[in-house]
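The values are calculated or read from the model by the stated rules, or taken from the named source; none is laboratory data. Not measured: the values here are computed from a predicted model. In this analysis, Cβ positions are derived from the backbone assuming ideal geometry, glycine residues included, and neighbour counts consider all displayed protein chains. For the accessible areas, the whole protein counts, side chains as well, though only heavy atoms, and no ligand, DNA or RNA atoms are used. Shrake-Rupley method; radii C 1.70, N 1.55, O 1.52, S 1.80 Å.
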Amino acid sequence: GGGEEFTFSGDDDLWVFINDKLAIDLGGLHPEQTDTLDVDARAAELGLVVGQTYPLDLFHAERHTNASNFRIQSSLNFSNCDPIVY
């Protein structure tokens, strides 16, 4: 690998943890925002090594009553995606 990115666009609370470390923090009630995680640029901070597998935990809360925006775009290779909790 190497060169992976993870992008989120949406409103309201979103937190992404990779390797149990906060990688994206878009918490709070807000209009649509976008944040892109450049995995290579943050690898040392997140304790990542190319070729290894790490957990990714995503937490989202929709608090708007009149609109909802949620979009993920990623070049990460996902495996073992259980459990998914709604």
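Summary table below
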quantity: The range 13-86: trypsin sites (Lys or Arg not before Pro) in DSSP loop, at most 15 other beta carbons within 10 Å; calculated: Arg63
quantity: Å² per residue, accessible surface of the range 1-40 at 1.4 Å; calculated: 45 Å²
quantity: For the chain, Kirkwood radius (reciprocal of mean inverse C-alpha pair distance, Å); calculated: 13.7 Å
quantity: Computed helical MRE - 222 nm, the chain, DSSP H runs ≥ 4 contributing -39500 (n - 2.57), nearest 500; calculated: -2500 deg cm²/dmol
quantity: Residues in the range 27-57 that a label on Phe78 would reach, taking backbone N under 12 Å of a point 7 Å out along Cα→Cβ; calculated: 56-57
quantity: With every protein chain in place, the chain: carbon and sulfur % of accessible area (1.4 Å); calculated: 49 percent
quantity: Residue-count net charge about Thr7 - beta-carbon cut-off 12 Å; Lys, Arg +1, Asp, Glu -1; calculated: -3
